[in-house]
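The values are calculated or read from the model by the stated rules, or taken from the named source; none is laboratory data. All values reported here derive from a predicted model rather than from experimental measurement. FYI the Cβ positions are ideal-geometry reconstructions off the backbone, even for glycines, and counts take in every protein chain you see. Keep in mind that these areas ignore ligands, DNA and RNA; they rest on the heavy atoms of the full protein, side chains included. Shrake-Rupley method; radii C 1.70, N 1.55, O 1.52, S 1.80 Å.
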Amino acid sequence: MSVLGLRREPIENVRVGFIGLGMRGPKAVERFTHLEHATVVALCDKYPEPVAKTQEILSSHGCSPAATFTGDNGWKRLCEMDGLDLVYVTAPWQMHAQIGIYAMECGKNVALEVPAATTVEECWGLVETAERTRMHCMMLENSCYDDFELSCLLMARDGVFGEIVHAEGGYCHNLSAYWDKYRDDWSMRFSVEHRGDVYPTHGLGPLCQLLDIPRKDKLSYLVSMDSGAFAGSAVASSRYGSSRTFANGDITSTLIRTVSGRSILLQHSVMTPQPYSRLYRIYGTKGYANKYPVPGFVFGEGKEFLPEAQASALLEKYRHPFQDCLQHAGMALDGHDGIDFIMDYRLVECLHKGLPLDMDVYDAATWSSIIELSERSIQGGSVPIPIPDFYR
Ligand SMILES: NC(=O)c1ccc[n+]([C@@H]2O[C@H](COP(=O)([O-])OP(=O)(O)OC[C@H]3O[C@@H](n4cnc5c(N)ncnc54)[C@H](O)[C@@H]3O)[C@@H](O)[C@H]2O)c1
């Protein structure tokens, strides 16, 4: 039976266990120390030292020590423990779906970092397990909580852009400074082996919300094309020796057509010098918006951006109420302008109040499925590939 709009019993105090304490996990643990109605009760990493360091974060905030788990399968013991309401996963991509499915089987709600899964089979595994166990499974797509995206969502609902015809999103981020920082090289290894948009959800998530998928529209099919792996091959040969090939093209573009005839352009570009951008462009019958390099709007017969003062007034008029979560100290906590804090705040608030989560397992599956579907399109010579209707 469907878990669309799933509500579970309110949880007075959400007891959370974290799996994967590398770059991302400890920051999430620290955010949770600032959240009312949540307590960090368990920490897990394959290696002991990140667990010990994260335990210090808890003690520096006056929190009780958490139960600890290490080793290759420590995450299973964490999922099995009593007195745990939520498993929060910041481990490598390749483990997300496996952990998510196991956590739900153990009767735990689960929040998975992006992407929630790397194959279509894993996506269906998450959906089917959530439906069978009636547990929440949310993907931690923080870009859905960015202020510009949230304001545009309210504007779209209010008809400010008219009918949205086309939207663009992506992940354009020169990652050359990061490759050495991922423990065990899991991120680079994925791109050594796979073509396609391997990180589609930052771009696609907010656009699916904007287009009101699945209530008003659904994703129908996609076509993808990549460039050659010019920079990628050079990186691979310097890291692994000259015989190592690199599958992932430096820039991958994916076009998605929706059932009602709208189009989405997604880009993935992490190998070459460029400014950070998630694109976020909206083309509607009455108006246009873009977020990068600076937010701007064009309306009616205009060809120029709205003057800055008018654009600011518009953004203020459509300021999303989620922004108020930041008054609870989040802004100082992360380098993502508070979006991570709003995301965690909302996750705990919904569990605490017994509300449906902002993003459900169907969103997680749909947005993550682009990884394999774009690879299949490219391997077939940019052929159209149907996008499964995970929402059924
Ligand atoms: N939403 C965002 O803005 C954002 C930003 C950065 C990273 N992420 C996501 O967060 C996740 C983690 O990224 P990261 O940068 O922290 O990576 P990382 O490599 O720094 O951390 C991963 C951690 O998982 C641990 N790990 C590996 N195997 C394990 C196992 N079997 N059991 C327990 N722990 C295990 C590693 O030891 C490491 O400490 C990824 O999914 C990434 O895509 C999201």
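So here's what we get for this one:
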read-out	value
Any hit, the stretch 323-344, residues being more than 30 Å from Ser220 (Cβ to Cβ) and at pLDDT 95 or above	yes
Of all residues making up the stretch 225-261, the number that are outside any loop (DSSP other than H, G, I, E, B) and under 15 Å from Tyr171 (Cα atoms)	6
Hits in the stretch 143-181 - residues which are crowded, with 16+ Cβ neighbours inside 10 Å, aromatic (Phe, Trp, Tyr), within 16 Å of the ligand (Cβ to nearest atom) and not in a helix (DSSP H, G or I)	Tyr171
Selection from the stretch 250-298 of residues that are without any contact (Cβ under 8 Å) to a residue 40 or more places away in the chain and among the hydrophobic types (A, V, I, L, M, F, W, C)	Ile251, Leu255, Val294, Phe297, Val298
Residue, farthest from the ligand (Cβ to nearest atom), within the stretch 5-27, restricted to residues that are more than 15 Å from Leu351 (Cβ to Cβ) and in contact with a strand residue (DSSP E or B) (Cβ under 7 Å, 6 or more places away or on another chain)	Phe18
Residue match in the stretch 360-383 (condition: open to solvent by 10 Å² or more (accessible area, probe 1.4 Å), within 20 Å of Val114 (Cβ to Cβ), away from the ligand (no atom under 15 Å from the Cβ) and among the hydrophobic types (A, V, I, L, M, F, W, C))	no
Residue satisfying all of: in the stretch 106-118; open to solvent by 10 Å² or more (accessible area, probe 1.4 Å) and away from the ligand (no atom under 15 Å from the Cβ); nearest to the chain's Cα centre (by Cα) among these	Lys108
Yes/no for Pro65 being over 18 Å from Met104 (Cβ atoms) and either part of a loop (DSSP other than H, G, I, E, B) or open to solvent by 30 Å² or more (accessible area, probe 1.4 Å) (or both)	yes
Search result, residues across the stretch 297-320 that are open to solvent by 80 Å² or more (accessible area, probe 1.4 Å), within 20 Å of Ile339 (Cβ to Cβ) and out of contact with any helix residue (DSSP H, G or I) (no Cβ under 7 Å at 6 or more places or on another chain)	Glu316
Filter result (aromatic (Phe, Trp, Tyr) and more than 10 Å from the ligand (Cβ to nearest atom)) within the stretch 80-100	Tyr88
Selection from the stretch 291-329 of residues that are part of a helix (DSSP H, G or I) and touching a strand residue (DSSP E or B) at 6+ places or on another chain (Cβ under 7 Å)	Ala311, Leu314
Failed item in (1) more than 20 Å from His352 (Cβ to Cβ); (2) open to solvent by less than 60 Å² (accessible area, probe 1.4 Å), with Ser60 passing the rest	(2)
Hey, Arg215 surrounded by 19 or more Cβ atoms within 10 Å (Cβ to Cβ), among the basic types (Lys, Arg) and more than 14 Å from Ile387 (Cβ to Cβ) or not	no
Selected residue (only one of Leu21, Leu6 is part of a loop (DSSP other than H, G, I, E, B) and crowded, with 22+ Cβ neighbours inside 10 Å)	Leu21
Lone qualifier among Thr285, Thr245, Thr252 - being in the same structural domain as Ala177 (by TED's automatic domain parsing), open to solvent by 30 Å² or more (accessible area, probe 1.4 Å) and within 26 Å of Asp184 (Cα to Cα)	Thr245
Test for Ser64: is it more than 27 Å from Lys181 (Cα to Cα), more than 11 Å from the ligand (Cβ to nearest atom) and either outside the structural domain of Leu112 (by TED's automatic domain parsing) or not acidic (Asp, Glu) (or both)	yes
